[in-house]
Structure formats: structure tokens, C-alpha cells
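*Asks:* Let me give you the structure first, and then I'll get to my questions.
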Amino acid sequence: MIRTRFAPSPTGYLHVGGLRTALYSYLFAKKHGGQFLLRIEDTDRERLVADGTANILKSLYWAGIVPDEGVVLDKNGEVGQVGKHGPYIQSERLAIYKKYADELLEKGFAYYCFCTSERLEQLREIQQKNKMPTGYDQHCLKTLSLDEAKKRALAGEKCVVRLKMPKEGETVFNDLIRGPVTFQNKLIDDQVLLKSDGFPTYHLAVVIDDHLMEITHVTRAEEWISSTPKHIQLYKYFGWKPPEYAHLTLLLNADKSKLSKRQGDVAVADYEKKGYLPEALVNFVAFLGWNPGTEKELFTLDELIKEFSLEKVGNTGAVFNLEKLDWYNKEYLKKLSPAEIAQKSLPFFDGKVELKQLEKIVVLERERVTTLAELPAALAFALKLPDYFKEILVWKKGSLEEVQKILPEIHSFLNNVKEESWNKADLEKMIGEWVKEKGYSNGSVLWPLRVSLSGQQNSPGPYEIAEVLGKDESLKRMQIALDKLKN
């Protein structure tokens with residue numbers, strides 16, 4: 001069975017790049033009838049953030065990417081673990097890593113290193129000065145026997161465990177996105193596998209966990225390409241079959257620099273707070289590197305599963321185009337019913353409107369806003385008429401005297417319209433006929449009518465507003481405009 005995983009570190013909120021990695025892993029697994037697993041890699045203890053795991057999970061669940069196994073959210077929104085390959089949090093697996101590190105030591109595939117940070121820094125400076133490749137010089141491997149090193153380690157002397165990387169030949173692997181990738185072994189460092197505090201580095205833990213959790217395909221960022229030879233070597237030492245790898249290119253800002261929060265939001269939670277729909281963000285992120293090869297751009301998650309393939313993922317950096325994300329969000333907003341938009345946007349109103357009222361007025365701005373978070377400001381006029389100066393009642397081709405003549409007339413006319421005819425279609429028909437009969441221009445009537453209803457220079461049309469406000473509120477607002485014209 002195909003088994004993929006997403007293995008974030010709980011150092012903050014889920015990055016949109018992490019969302020793409022998780023999405024591609026999820027889509028690949030589901031496309032092939034497989035399973036998607038979530039593992040938490042928390043061995044870098046200095047960078048841990050409180051609630052980091054919960055934050056990441058909440059963003060994934062919001063996006064519709066729900067793990068089949070591993071670290072999950074229960075029905076109460078609490079972090080838990082599900083599956084037979086656990087624990088799925090690396091800090092709870094230290095004994096496992098110690099066992100396999102000891103196995104590597106006994107077989108001569110790893111060695112103890114007692115070098116101080118000062119010596120390692122001096123070594124790096126010498127190598128850089130002489131324009132040599134930087135890396136550990138195997139000093140402890142060359143000067144200490146395993147028995148001697150083991151005695152010192154057991155005596156409590158501070159040390160790490162390093163990978164003994166062969167220095168001859170080359171390591172070749174096939175990347176599912178980039179094709180064959182080759183590394184000269186002599187250029188690969190003897191990586192630290194087990195730190196002095198007993199915690200593994202990424203390199204040891206990821207290999208052991210992916211094997212024990214039966215991961216068949218690994219999708220991860222391109223920054224890990226240079227580490228892949230180390231991982232493949234560990235698989236050889238353990239006698240295990242490595243998974244297949246797919247390394248994703250970077251996400252870029254518009255200026256082609258690496259996507260970073262210095263130039264805009266990078267956390268999924270930021271886009272949720274701004275009122276983007278999860279379907280829109282997922283659809284947008286899916287296209288950051290992947291293309292179905294057709295003109296179609298709008299895909300549901302199920303449609304993405306059906307169409308996705310790693311063969312169609314590009315090997316050049318993808319630009320995070322916010323304008324395109326906005327386009328996606330607008331398209332998805334159009335697909336929602338007024339009731340659905342009202343339900344999704346209600347939290348942004350901070351209790352200032354009832355759901356039923358919101359369902360009624362949301363139609364006024366649903367196609368004018370980009371995100372749900374824009375609706376409270378956009379619909380404020382429908383909830384409470386803003387104060388305004390009478391001058392904005394005047395059409396650009398009209399005059400104040402003209403408004404003072406026409407607005408009382410249309411107010412009187414509308415006062416006689418029956419309640420059952422107070423809807424957009426009937427109002428448009430009746431007012432249109434009235435305008436022709438009077439010989440007025442449309443602008444001289446509809447501009448002051450619209451402004452009197454909205455209190456704004458820019459707003460939806462007068463018929464839409466009147467229908468939503470109802471007859472009584474519409475006439476009340478028009479009377480306020482008439483009072484302003486008298487002063």
C-alpha cells in the first residue's frame with residue numbers, strides 16, 4: 001500500500017509551503033488508494049512553540065487535509081494519536097533511536113565524536129580559508145577505537161554519534177520530480193546522528209521513522225536534497241529499502257526571492273483570519289508547481305485527487321501570486337449560497353448581526369468583496385445608515401436643485417408601491433417606467449435614490465438595496481436624505 005506522510009516541526013504555525021507539501025503527499029496517497037500519515041518532528045527542542053502541534057493540525061483540518069494515521073485532532077479538538085506504528089511524536093521515541101544508533105556503532109557504521117564546538121569551529125575556519133569543502137575530518141574515528149570511545153561515553157563524557165560516510169564512489173537516486181540525482185560521496189559530511197542530549201538529529205530519526213511507519217513515498221522541500229545521500233546510506237547500513245523521494249521547489253515572492261513573512265503573510269492561519277476560503281487556498285496552492293495540463297483551474301479536493309500526479313509537478317520555483325489567490329477566492333465565493341456565505345462570515349461580525357439578517361443582506365456585496373473578512377465593512381451601510389453630506393446625492397451631470405426636485409417625487413411614488421411588489425424585479429420595472437414617463441435621465445433619478453439608501457458614493461444598485469432593506473427602512477432612509485436637502 002502507498003503510504004505518505006507529512007512531518008512538520010511544531011515551531012509555530014503551518015507555513016503555506018508546508019501546506020503544499022502536505023497537500024501533495026495527501027493527494028498522492030489518496031490517488032493511489034493509500035494512506036496519509038502525520039508525524040510530529042520535535043527533536044529541535046530550542047525552537048518548540050507552545051500549541052505548535054495543535055496550530056498545525058487545526059490549519060490542516062481547516063484545509064480538509066485529515067490524516068488517516070498518526071497525530072490527529074479528536075472530536076473535541078484535542079491532539080491525540082491514532083495507529084499501530086506509534087508513538088508518532090519523535091520526543092516520545094528516544095529509546096527507539098538509541099537502539100538503532102547503538103546498532104550502527106556496533107557494526108562500525110557510526111562512531112562516537114568528542115570534539116568540542118571550539119575545535120569544530122576552528123576546523124571550519126581552516127577549511128574555508130583554504131577553500132576546501134567544509135565538514136568533519138573524522139578525527140575521533142581515526143584516533144579512537146570503538147572500545148575506548150564507548151568507555152568514555154559510558155563514563156558520561158559529552159559526545160555525539162556520527163555517521164561513517166563512505167568517501168569513495170557516488171550516491172545516485174531517482175527523484176520523482178527531478179529525475180536522476182548524483183552526489184560524490186567524498187563531499188558528504190559525517191553527519192551527527194545522535195546529539196549529546198540523547199535526542200536524534202533529523203537524519204537518523206527520519207530514516208528510522210519512515211521505515212518503521214512503512215512510508216513508501218516522501219515528498220519534502222528541495223532543501224533536503226543534499227541530505228538524501230546520507231539517508232540512503234543509512235538505509236543501506238540497516239538493510240532496509242528506502243522510500244521514493246520527490247523534492248519540491250521553493251515558493252517565491254513576486255521578485256523571485258524565497259517566500260518569507262518579510263514580504264507578506266506566510267502562515268495558513270493568516271489567510272484563514274483574512275477570510276479566505278479553504279477551498280480557494282487549497283486550489284491555489286495545488287497550482288504552485290503542479291499543472292493538470294488542461295485549461296481547467298477550479299478543482300475540488302476530490303477532483304484534485306483524481307487529477308494529481310507527481311509527473312506533472314515542475315522543477316522550477318513557483319511564484320506566490322496574491323492576485324491569483326484573490327481571483328480563486330472570488331470564484332469560490334460565487335459558488336456559495338447566501339446562507340453559506342452568511343454562516344462562514346458570521347464570526348467576522350463579532351456578534352453585531354444575527355444570522356438571519358446576514359443571510360438577507362449578504363447578497364449586496366458577495367460579488368464585490370474578495371474575502372469574508374471584508375464583508376463587515378462592506379455591509380456596514382446595510383446595518384446602519386452612515387452619516388453623509390448632502391452633496392454626494394448630486395449626480396455628476398446633475399445639480400442640487402435637480403435633486404431637491406426629483407427625490408421628493410420618487411419618494412412619493414415609492415410610498416404608494418405595495419409591499420408584495422417591493423422586490424428588485426418589480427421595482428426596476430416600475431421605476432424605469434416612471435422615469436420614462438417623467439422624462440428624466442436614469443442618472444438623475446437612480447444616483448440620488450441609491451445614495452439616499454446607502455449613504456455612500458459607491459455601493460450596490462438601488463434596486464438591490466431597496467429589496468434587502470424593505471419598504472419601511474428604504475422610505476425612512478430617503479426621508480433622511482430629504483431632510484438633509486432642506487438644510
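The values are calculated or read from the model by the stated rules, or taken from the named source; none is laboratory data. If you're wondering where the values come from, they're calculated on a predicted model, not measured in any experiment. Glycine gets a Cβ as well: all are built from the backbone with ideal geometry, and neighbour counts include every protein chain shown.
*Asks:* How about segment 352-400: which of its residues are outside any helix (DSSP H, G or I), free of Cβ contacts under 8 Å to residues at least 40 places away in the same chain and within 15 Å of residue 468 (Cα to Cα)?
*Replies:* 353, 354, 366, 379, 384 - these are the residues of segment 352-400 that are outside any helix (DSSP H, G or I), free of Cβ contacts under 8 Å to residues at least 40 places away in the same chain and within 15 Å of residue 468 (Cα to Cα).
*Asks:* Additional query: I'd like to verify a number: residues in segment 205-262 that are in a loop (DSSP other than H, G, I, E, B), of a type in the set (Gly, Ala, Ser) and at pLDDT 95 or above, how many? Outline the logic, then answer.
*Replies:* Of the residues in segment 205-262, the ones in a loop (DSSP other than H, G, I, E, B) are 213-216, 239-243, 249-250, 253-257, 259-262.
When the remaining residues are screened for being of a type in the set (Gly, Ala, Ser), the result is 239, 254, 257, 260.
Remaining after also requiring at pLDDT 95 or above: 239.
So the count comes out to 1.
*Asks:* Follow-up question, since we're still on this one. Among residues belonging to segment 300-353 that are of a type in the set (Gly, Ala, Ser) and surrounded by fewer than 15 Cβ atoms within 10 Å (Cβ to Cβ), point out the one that is nearest to residue 368 (Cα to Cα).
*Replies:* Going residue by residue through segment 300-353, those that are of a type in the set (Gly, Ala, Ser) are 309, 314, 317-318, 337, 339, 342, 345, 351.
Applying the additional criterion that residues be surrounded by fewer than 15 Cβ atoms within 10 Å (Cβ to Cβ) yields 309, 314, 337, 339, 351.
Numbers: 309: 35, 314: 34, 337: 15, 339: 17, 351: 23 Å.
My answer is 337.
*Asks:* Can you confirm whether residue 129 is farther than 30 Å from residue 4 by Cα and either in contact with a helix residue (DSSP H, G or I) (Cβ under 9 Å, 6 or more places away or on another chain) or among the β-branched types (Val, Ile, Thr) (or both)?
*Replies:* Details: farther than 30 Å from residue 4 by Cα: yes; either in contact with a helix residue (DSSP H, G or I) (Cβ under 9 Å, 6 or more places away or on another chain) or among the β-branched types (Val, Ile, Thr) (or both): no.
Criteria not met by residue 129.
*Asks:* Given the conditions (1) charged (D, E, K, R); (2) modelled with pLDDT under 95; (3) surrounded by 15 or more Cβ atoms within 10 Å (Cβ to Cβ), which single one is not true for residue 45?
*Replies:* Among (1) charged (D, E, K, R); (2) modelled with pLDDT under 95; (3) surrounded by 15 or more Cβ atoms within 10 Å (Cβ to Cβ), residue 45 violates only (3).
*Asks:* Can you spot a residue in segment 285-294 that is free of Cβ contacts under 8 Å to residues at least 60 places away in the same chain, surrounded by 16 or more Cβ atoms within 10 Å (Cβ to Cβ) and either closer than 28 Å to residue 319 by Cβ or outside the structural domain of residue 111 (by TED's automatic domain parsing) (or both)? Don't jump to the end; show me each part of the working.
*Replies:* Within segment 285-294, the first condition is being free of Cβ contacts under 8 Å to residues at least 60 places away in the same chain, and the residues that meet it are 287, 291-294.
So of that shortlist, the ones also surrounded by 16 or more Cβ atoms within 10 Å (Cβ to Cβ) come out as 287, 292.
When the remaining residues are screened for being either closer than 28 Å to residue 319 by Cβ or outside the structural domain of residue 111 (by TED's automatic domain parsing) (or both), the result is 287, 292.
Looking through segment 285-294, at least one residue is free of Cβ contacts under 8 Å to residues at least 60 places away in the same chain, surrounded by 16 or more Cβ atoms within 10 Å (Cβ to Cβ) and either closer than 28 Å to residue 319 by Cβ or outside the structural domain of residue 111 (by TED's automatic domain parsing) (or both).
*Asks:* On to the next question. Answer with yes or no whether residue 403 is under 19 Å from residue 476 (Cα atoms) and either among the β-branched types (Val, Ile, Thr) or outside the structural domain of residue 467 (by TED's automatic domain parsing) (or both).
*Replies:* On the way: under 19 Å from residue 476 (Cα atoms): yes; either among the β-branched types (Val, Ile, Thr) or outside the structural domain of residue 467 (by TED's automatic domain parsing) (or both): yes.
Taking the combined requirement at face value, the residue satisfies it.
*Asks:* Going by the structure shown, is residue 461 on the phi > 0 side of the Ramachandran plot, surrounded by 15 or more Cβ atoms within 10 Å (Cβ to Cβ) and touching a helix residue (DSSP H, G or I) at 6+ places or on another chain (Cβ under 8 Å)? Full working, then the answer.
*Replies:* Values: on the phi > 0 side of the Ramachandran plot: no; surrounded by 15 or more Cβ atoms within 10 Å (Cβ to Cβ): yes; touching a helix residue (DSSP H, G or I) at 6+ places or on another chain (Cβ under 8 Å): yes.
No; evaluated as a whole, the condition is false for this residue.
*Asks:* Given the residues 428, 409, which is the only one that is closer than 30 Å to residue 340 by Cα, at pLDDT 95 or above, of a type outside the set (A, V, I, L, M) and in contact with a helix residue (DSSP H, G or I) (Cβ under 8 Å, 6 or more places away or on another chain)?
*Replies:* Working: 409 fails: closer than 30 Å to residue 340 by Cα.
Answer to the check: 428.
*Asks:* Look through segment 452-461, keep the residues that are in contact with a Pro (Cβ under 9 Å, 6 or more places away or on another chain) and either part of a helix (DSSP H, G or I) or without any contact (Cβ under 8 Å) to a residue 40 or more places away in the chain (or both), and return whichever of them is farthest from residue 364 (Cα to Cα).
*Replies:* Initially, segment 452-461 is screened for residues in contact with a Pro (Cβ under 9 Å, 6 or more places away or on another chain), giving 452-456.
Within this subset, residues satisfying the condition of being either part of a helix (DSSP H, G or I) or without any contact (Cβ under 8 Å) to a residue 40 or more places away in the chain (or both) are 452-454.
Details: 452: 16, 453: 12, 454: 11 Å.
Among those residues, the one meeting the criterion is 452.
*Asks:* Continuing with this model, one more query. Please find, within segment 48-61, the residue that is farthest from residue 311 (Cα to Cα) out of those that are surrounded by fewer than 17 Cβ atoms within 10 Å (Cβ to Cβ) and at pLDDT 95 or above.
*Replies:* Looking only at segment 48-61, we keep the residues that are surrounded by fewer than 17 Cβ atoms within 10 Å (Cβ to Cβ), and these are 48-51, 54, 61.
Those still in the list that are at pLDDT 95 or above too: 54, 61.
Values: 54: 33, 61: 27 Å.
My answer is 54.
*Asks:* For segment 83-106, enumerate the residues that are among the charged types (D, E, K, R) and either in a helix (DSSP H, G or I) or in contact with a Phe, Trp or Tyr (Cβ under 7 Å, 6 or more places away or on another chain) (or both). Working first, answer last.
*Replies:* Pass one, segment 83-106, residues among the charged types (D, E, K, R): 84, 92-93, 98-99, 102-103, 106.
Across segment 83-106, the qualifying residues are 92, 98, 99, 102, 103, 106.
*Asks:* Taking the conditions exactly as written (closer than 29 Å to residue 304 by Cα, part of a loop (DSSP other than H, G, I, E, B) and not aliphatic (A, V, I, L, M)), does residue 70 satisfy them or not? I'd like the intermediate steps shown before the answer.
*Replies:* Values: closer than 29 Å to residue 304 by Cα: yes; part of a loop (DSSP other than H, G, I, E, B): no; not aliphatic (A, V, I, L, M): yes.
Criteria not met by residue 70.
*Asks:* Let me ask something additional. Among the residues of segment 133-151, which ones are assigned to a helix (DSSP H, G or I) and surrounded by 11 or more Cβ atoms within 10 Å (Cβ to Cβ)?
*Replies:* Result: 139, 140, 141, 146, 148, 149, 150, 151.
*Asks:* Among 169, 198, 156, which is the only one that is among the small types (Gly, Ala, Ser), more than 18 Å from residue 228 (Cα to Cα) and touching a Lys or Arg at 6+ places or on another chain (Cβ under 9 Å)? Don't jump to the end; show me each part of the working.
*Replies:* Details: 169 fails: more than 18 Å from residue 228 (Cα to Cα); 156 fails: touching a Lys or Arg at 6+ places or on another chain (Cβ under 9 Å).
Going through 169, 198, 156 in turn, the sole match is 198.
*Asks:* Also, quick follow-up: Surrounded by 15 or more Cβ atoms within 10 Å (Cβ to Cβ), more than 24 Å from the chain's Cα centre (by Cα) and over 17 Å from residue 268 (Cα atoms) - does that describe any residue in segment 2-25? Talk me through it step by step, then tell me what you get.
*Replies:* In the first step, residues of segment 2-25 are kept if they are surrounded by 15 or more Cβ atoms within 10 Å (Cβ to Cβ); the result is 2-25.
Now restrict to residues that are more than 24 Å from the chain's Cα centre (by Cα): 2.
Then keep just the ones that are over 17 Å from residue 268 (Cα atoms); that gives 2.
Checking segment 2-25: at least one residue is surrounded by 15 or more Cβ atoms within 10 Å (Cβ to Cβ), more than 24 Å from the chain's Cα centre (by Cα) and over 17 Å from residue 268 (Cα atoms).
*Asks:* On the basis of being at pLDDT 95 or above, over 22 Å from residue 175 (Cβ atoms), surrounded by 14 or more Cβ atoms within 10 Å (Cβ to Cβ) and in contact with a strand residue (DSSP E or B) (Cβ under 8 Å, 6 or more places away or on another chain), does residue 268 make the cut?
*Replies:* Values: at pLDDT 95 or above: yes; over 22 Å from residue 175 (Cβ atoms): yes; surrounded by 14 or more Cβ atoms within 10 Å (Cβ to Cβ): yes; in contact with a strand residue (DSSP E or B) (Cβ under 8 Å, 6 or more places away or on another chain): yes.
Yes; evaluated as a whole, the condition is true for this residue.
*Asks:* Let me confirm something: among 276, 271, which residue is among the aromatic types (Phe, Trp, Tyr), touching a Ser or Thr at 6+ places or on another chain (Cβ under 9 Å), in a loop (DSSP other than H, G, I, E, B) and touching a residue at least 12 places away in the same chain (Cβ under 8 Å)? First the steps, then the outcome.
*Replies:* Working: 271 fails: in a loop (DSSP other than H, G, I, E, B).
Step by step, each of 276, 271 is checked, and only 276 is among the aromatic types (Phe, Trp, Tyr), touching a Ser or Thr at 6+ places or on another chain (Cβ under 9 Å), in a loop (DSSP other than H, G, I, E, B) and touching a residue at least 12 places away in the same chain (Cβ under 8 Å).
*Asks:* When you go through (1) surrounded by 14 or more Cβ atoms within 10 Å (Cβ to Cβ); (2) assigned by TED's automatic domain parsing to the domain that holds residue 190 one by one for residue 130, which number turns out not to apply?
*Replies:* (1)
*Asks:* For a quick check of your reading of the model, give me the residue pairs whose first member lies in segment 303-326 and is more than 19 Å from residue 17 (Cβ to Cβ), whose second is among the aliphatic types (A, V, I, L, M) and surrounded by 14 or more Cβ atoms within 10 Å (Cβ to Cβ), with beta-carbon atoms closer than 8 Å and at least 6 apart or on different chains.
*Replies:* Here the result reads 305/27; 311/176, each pair linking segment 303-326 to a residue that is among the aliphatic types (A, V, I, L, M) and surrounded by 14 or more Cβ atoms within 10 Å (Cβ to Cβ).
*Asks:* A follow-up question, please. Check segment 422-441 and report whether any residue there is in a loop (DSSP other than H, G, I, E, B) and aromatic (Phe, Trp, Tyr). Break it down into steps so the answer makes sense when it comes.
*Replies:* At the first step, the residues of segment 422-441 found to be in a loop (DSSP other than H, G, I, E, B) are 422-423, 439-441.
Keeping just the survivors that are aromatic (Phe, Trp, Tyr) gives 422, 440.
Yes: segment 422-441 contains one or more residues that are in a loop (DSSP other than H, G, I, E, B) and aromatic (Phe, Trp, Tyr).
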